[in-house]
Amino acid sequence: MPGLVVAVLVVLVAAGGSQEVTDLILSSLSRAAAFLEREHVNINLDGVVGYLILQAELKEAVRTWPHTDPVSWAQRTSTVSLLRRLDQSLAKAILALQTHDPKYYREFEPLLDWRFWKVPQAWGSTDPSLRYTSSRPSECYDEQLSDSCMTLLLGTWKQNGTPCIATESCRDTMTMFDCPLYSLSHQLLYFLIASMKGCSSLLKGDLRESRANLTEADYHKIFCSNMMSSNLETLKDGLNTQTQDIFIENILLCGLAGFSDFYKPDWLQHILRLQDLEVGCFGRDGRVMSQIMGEELLEQLHPPSPPPRRVKRREKTLRDGCSSHVTGVAVSALGGYLNYHLTEQDITKRPLPPPSN
């Protein structure tokens, strides 16, 4: 069935079937909303944030919907209905996060509001000449350091903490060149969070001569140009369960940064192909299902001690084999596709019809 959906999408994109593509995206998001409705208690912080970014994107889509013809207006009505479902489920999911891990919830609470996430109003493209000549063989830093630097930006590093703090260590780490994979995407995320929080002096105090004239926008472009290169390399090597997550995360983040060349039609096909049409999530792994069933049998024989309450932010595999993180980045990437697609369909951006005789 997923292959059939993708095959239909290929035909529609090639034929310029804009409304049909919108329907496919909305249909996929509706299935993902049903998954959230069922699993809102179990989805981790990354997954919830992904759905919140989608919520912001859909609200912007509804506000600026470009057409008023009956078919398009019906799609807008479907989007409004989808938003109502998300509003209800996300309220429950956020409450569950607060209950299960209050410390982690407090540290990232500013991100748990759709109003925090700004949708691009202008578009640009990446620059292949900015690609690094080589990348470091391993990640530049770990998730703990990344989290620490982001709480300094958010002002949640302590109770009533001052926001927009960029320590020398954080600034140097987040502007380091030649970083691969998740370090690279989290460098961009750091800059995006700073921008959305309103931190205007992120680079103040950087005395390195080689960086003297670089602005936040320059770093956006450098990072996304290398994330584009990473995605192209990933596809050349073949998308697999190890690389699908970072591939979609790059689309999500660089789309949020306003780089429209990440919204390629064939990349949309790759995202849709990863959705389990029955469950509605993305990145479902059947092998995990077998492993979970085996673990459940062992637990019946030897009950384990209670697990720690802290939930790892980056990833959580749910009991049906679904990936919380992949689902979160996929739905928000699809929301970005929808918004950009609607922007391109705006009648003010279409070629003018030939004058009538």
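Below, the figures for the structure above:
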| quantity | calculated |
| --- | --- |
| Single match in 167, 175, 243 (criterion: in contact with a helix residue (DSSP H, G or I) (Cβ under 7 Å, 6 or more places away or on another chain), surrounded by 20 or more Cβ atoms within 10 Å (Cβ to Cβ) and closer than 28 Å to residue 108 by Cα) | 175 |
| Of the criteria (1) over 15 Å from the mean Cα position of the chain (by Cα); (2) surrounded by fewer than 22 Cβ atoms within 10 Å (Cβ to Cβ); (3) farther than 28 Å from residue 144 by Cβ; (4) modelled with pLDDT of 95 or more, which one residue 280 fails | (2) |
| Checklist (1) farther than 23 Å from residue 335 by Cβ; (2) outside the structural domain of residue 189 (by TED's automatic domain parsing); (3) modelled with pLDDT of 95 or more applied to residue 89, failing item | (1) |
| Residues being out of contact with any Pro (no Cβ under 6 Å at 6 or more places or on another chain) and either of a type in the set (S, T, N, Q) or not in a helix (DSSP H, G or I) (or both) - total across segment 246-274 | 8 |
| Cross-chain or 6+ apart pairs with Cβ under 9 Å, segment 106-133 first and of a type in the set (D, E, K, R), then in a loop (DSSP other than H, G, I, E, B) and surrounded by 16 or more Cβ atoms within 10 Å (Cβ to Cβ) | 106/156; 107/156; 107/157; 109/156 |
| Single unsatisfied condition, residue 229 versus (1) touching a Pro at 6+ places or on another chain (Cβ under 9 Å); (2) not in a helix (DSSP H, G or I) | (2) |
| Residue 125 vs. criteria farther than 26 Å from residue 205 by Cα and touching a Pro at 6+ places or on another chain (Cβ under 9 Å) | no |
| Among residues of segment 192-234, those that are crowded, with 18+ Cβ neighbours inside 10 Å and either of a type in the set (Phe, Trp, Tyr) or out of contact with any helix residue (DSSP H, G or I) (no Cβ under 8 Å at 6 or more places or on another chain) (or both), counted | 2 |
| Lone qualifier among 159, 144 - being without any contact (Cβ under 8 Å) to a residue 24 or more places away in the chain and under 30 Å from residue 225 (Cα atoms) | 144 |
| Leading residue by the ranking (nearest to residue 340 (Cα to Cα)) among those in segment 37-86 that are buried (at least 17 other Cβ atoms within 10 Å of the Cβ) and among the aromatic types (Phe, Trp, Tyr) | 65 |
| Matching residues in segment 117-162 - criterion: being farther than 19 Å from residue 192 by Cβ and among the small types (Gly, Ala, Ser) | 129, 134, 135, 138, 161 |
| Residue under evaluation residue 30, criteria (1) outside any helix (DSSP H, G or I); (2) of a type in the set (Ser, Thr, Tyr); (3) closer than 16 Å to residue 89 by Cβ, criterion not met | (1) |
| Number of the exception - residue 126 against (1) among the polar types (S, T, N, Q); (2) assigned to a loop (DSSP other than H, G, I, E, B); (3) farther than 24 Å from residue 329 by Cβ | (3) |
| Inter-residue pairs, beta-carbon under 7 Å, first within 22 Å of residue 131 (Cβ to Cβ) and in segment 199-221, second hydrophobic (A, V, I, L, M, F, W, C), 6+ apart | 216/191; 216/202; 216/203; 219/191; 220/188; 220/191; 220/257; 221/130 |
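Here is a yes/no grid of residues against (1) in contact with a Ser or Thr (Cβ under 7 Å, 6 or more places away or on another chain); (2) modelled with pLDDT under 90; (3) of a type outside the set (Ser, Thr, Tyr):
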site: 14; (1), (2), (3): no, yes, yes
site: 50; (1), (2), (3): yes, no, yes
site: 56; (1), (2), (3): no, no, yes
site: 61; (1), (2), (3): yes, no, yes
site: 72; (1), (2), (3): no, no, no
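The values are calculated or read from the model by the stated rules, or taken from the named source; none is laboratory data. Quantities reported herein were computed from a predicted structural model and do not represent experimental measurements. All Cβ positions, even for glycine, are placed from backbone atoms using ideal geometry, and neighbour counts span all protein chains on display.
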